[in-house]
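Each remark here refers to the structure printed beneath this line.
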Amino acid sequence: MKLEKVIGLSSKGQEAIEVNPVTGDLVYIAGSFLVIYSPQQSKQTMHLCSRTSRPFQCCQFSKDGKYLAAGESAFRQPQITIWEINYVEVEENNTKVVVVKPEQIQPQDQKVYVKRAADYTPIKQLKGHKYGIECVKFSPDAEFLISIGDPNDRGLFVWDWRAEKKISSNKLSKPALTLAISDE
C-alpha cells in the first residue's frame, strides 16, 4: 500500500514548516510524516515517515540543502532523524536521470530540478532528549546540529551529528521555543 496524499498538518509554531533552499519545495509536518510539497507542480511529491511512528515536532534543512533534520514530539526518548538529500536532473524527454550535488546547481539552473527534485535517504538517528524536541537547527556550515527540548525536557544540545555524539549540553532554566543562529 502506498500513501498518496496527506490532508492537514501538525503545527505548534514556525518550526513545523521549512523551504528547501535548492528546489523551493515546502516540507511540513503531519503527525509522523514529513510532507514534501512542490509549489511548482502544485502537489505533494513525497512523504517521509518517522522510523518510530511517533509524531514529528520540528524540522529544518541545512543551509546548503544537503540535509534535512526532524525532531520528534514523543513523550519519552524522542529522536532526531537526519536525511541526506540527493538531487536528480530529469531532461524534458524523461529519459536521462543524473544525480547532482547541491553545490553543482547554479541559481539559473534550479528550475531544471523541479520535475523530480530530490531523493531523501535517512542516514542518522540522534538520541539524548528525555521528552519532546521543540527545535532543531544546523550550524551554517552543517557541521553541527543544535536541538532544544520541549518545556518538560528543557535540554539544549549541540551535536556532532555525523558521529552521532552530543558534544555539549545544558539544562535551560526556562523553556525556549525557538533558536536563531548567525551566519557569522
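Structure data summary
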| read-out | value |
| --- | --- |
| Too-long pairs where the Cα-Cα distance tops 23 Å, listed order kept, from Lys2/Lys165; Lys2/Lys43; Lys12/Lys130; Lys124/Lys174; Lys130/Lys174 | Lys2/Lys165; Lys124/Lys174 |
| Per-residue Cβ neighbour rank within 10 angstrom, fewest leading, Trp83, Trp159 | Trp83, Trp159 |
| Estimated distance in nm for a label pair at Ile167 and Lys5, the labels positioned 7 Å out from Cα along Cα-to-Cβ | 4.5 nm |
| Under 10 Å, Cβ to Cβ, from Arg154 - net charge with Lys/Arg +1 and Asp/Glu -1 | 0 |
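The numbers here are math on the coordinates, done by the rules we state, and not lab data. Values in this document were obtained by computation on a predicted structure and should not be read as measured data. Positions of Cβ are generated from backbone atoms using ideal geometry, with glycine treated the same way; all protein chains shown enter the neighbour counts.
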